[in-house]
Amino acid sequence: MTDALTQFPPTLTEARKRLAQFVPHAGVEYARLRNFDHGPGAHDHVSVLSPYIRARLLDETAVTRAVLAQHTTAEADKFLAEVFWRTYWKGWIQQRPTVWDQYLHDLNRLRDDVQSQAGLRARWEEACLGQTGIAPFDAWAHELVSTGYLHNHARMWFASIWIFTLQLPWQLGADFFLRHLLDGDVAVNTLSWRWVAGIQTRGKTYLAQPDNIAKFTGGRFESVTGLASEAPPIDAPEPPAIVPLQPSDPLPLPARYGILLHGEDIDLPRMLRHASEPVAIAYSETTDRHSPWTMAPHVATFRLEAARSVLPDGVTLDVLADAQAISRWAQLHRLEQIVAPYAPTGPARQALDVYEALQDGVPLSLYRRSLDSTAWPKATKGFFPFRKHIPDLIATFGQ
């Protein structure tokens, strides 16, 4: 058992409370102090909203509006950029979905390597258990497993040490994060690890350095030794060609339709604005499909309980494990259509693709937010070209 759900109660009420508490600090204070990691329970200079944004209990629109109600755009620039990094990553991989496919292929190959190569298995287990002898790395491993969270700066240090000091495959590190992070996201996690490894921005790596760790952990980890002094880029294929986004499905609603939430998007209030009288509401559970190893239980529990927290009073949530369960649910409620939030690249989308391939299934309509339809096609290059569009994106949903 962990205390992840105690530190991050999975409810809409908690998400809104944390947003309100953080907003006064989202301007110059955040810009000045955001890189300091003071350890578990002391992440006072960052929002720690990522688990809630990941599940879409909150979204970029709600967060941005709240911040700009108290700060100017210039004051909140650093924080708003962090909010839109998530939008950028999701748009980038949505246009290059085979990057996720290749990652899964590599991970399955590495699973076999871990089982057959005793040396690799021992080093991988020591890293996951926080038994490497590198004090900050081991502390972050324990914090991740016990809380489901790490400060963003710690994630960068951790990934760098995993790849360049411990010389472990980056895919195994990305998997370790995805199995434990409450905010673990296919796009953000995969592409961030690729960036540290020098794959995402070709040739640009991130090197964890003892003086930087000492400074930004407030001296908690002084004089760390044994870290790699160089970070040569990991060899990898060039990124695949861009695949154009498919248009969002229209929502012509028949008399009997159901809403199907999933771990990528549980924003039921938004769905009810477009489909206000569903016959039934369900949740597609695909958490275990993120990894060939066992996912930390708090990851699935957080998303499911968060979904339950947005239900209207008296409404129950059917939990569906696979495509066949979705089909049976539709038949049970005599649905003529299923309406779901758009599922981007990842396990949730794969499950819905399997459902749509079933014969005689009820039609499925995937509703994509206008912000995603506008922002994702702009994620064709690096973040900084994308960043230039943030003011225009904000203007599309008001302040």
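Observations on the structure shown:
- Selection count where residues are of a type in the set (Ser, Thr, Tyr) and touching a Gly at 6+ places or on another chain (Cβ under 9 Å), scope the stretch 133-171: 2
- Each residue in the stretch 355-399 was checked for being in contact with a Leu (Cβ under 7 Å, 6 or more places away or on another chain) and of a type in the set (D, E, K, R), and 1 pass.
- If you check Asp360, Asp318, Asp322, Asp353 for being at positive phi and either β-branched (Val, Ile, Thr) or over 20 Å from the mean Cα position of the chain (by Cα) (or both), only one passes: Asp360.
- Any hit, the stretch 237-248, residues being among the polar types (S, T, N, Q), surrounded by 13 or more Cβ atoms within 10 Å (Cβ to Cβ) and closer than 28 Å to Tyr149 by Cα: no
- Trp85 passes every criterion in (1) buried (at least 18 other Cβ atoms within 10 Å of the Cβ); (2) under 18 Å from the mean Cα position of the chain (by Cα) apart from (1).
- Of all residues making up the stretch 333-372, the number that are in a helix (DSSP H, G or I) and hydroxyl-bearing (Ser, Thr, Tyr): 2
- Qualifying residue in the stretch 31-38 (condition: open to solvent by 40 Å² or more (accessible area, probe 1.4 Å), of a type in the set (Phe, Trp, Tyr) and more than 18 Å from Val310 (Cα to Cα)): yes
- The stretch 26-115 holds helices (runs of 4 or more DSSP H) entirely within its bounds, and those carrying 3 or more residues that are under 30 Å from Ser291 (Cα atoms) and of a type outside the set (Val, Ile, Thr) map to 50-55, 77-94.
Residues checked against (1) among the hydroxyl-bearing types (Ser, Thr, Tyr); (2) surrounded by fewer than 21 Cβ atoms within 10 Å (Cβ to Cβ):
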{"residue": "Arg121", "(1), (2)": "no, yes"}
{"residue": "Trp124", "(1), (2)": "no, no"}
{"residue": "Ser146", "(1), (2)": "yes, yes"}
{"residue": "Tyr149", "(1), (2)": "yes, no"}
{"residue": "Ser160", "(1), (2)": "yes, no"}
{"residue": "Leu178", "(1), (2)": "no, no"}
{"residue": "Arg194", "(1), (2)": "no, no"}
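- Leu393 vs. criteria touching a residue at least 40 places away in the same chain (Cβ under 8 Å), under 22 Å from Val186 (Cα atoms) and not in a loop (DSSP other than H, G, I, E, B): no
- Residue within the stretch 12-23 that is open to solvent by 20 Å² or more (accessible area, probe 1.4 Å) and touching a residue at least 60 places away in the same chain (Cβ under 8 Å) present: yes
- Identity of the residue in the stretch 305-332, open to solvent by 30 Å² or more (accessible area, probe 1.4 Å) and in a helix (DSSP H, G or I), that ends up nearest to Gly148 (Cα to Cα): Glu305
The values are calculated or read from the model by the stated rules, or taken from the named source; none is laboratory data. From a predicted model like this one, the values you see are computed outputs, not experimental measurements. Cβ atoms come from the backbone with ideal geometry, glycine included; neighbour counts cover every protein chain shown. The protein model used for the area step is the full one, side chains on, heavy atoms only, and it has no ligands, DNA or RNA in it. Shrake-Rupley method; radii C 1.70, N 1.55, O 1.52, S 1.80 Å.
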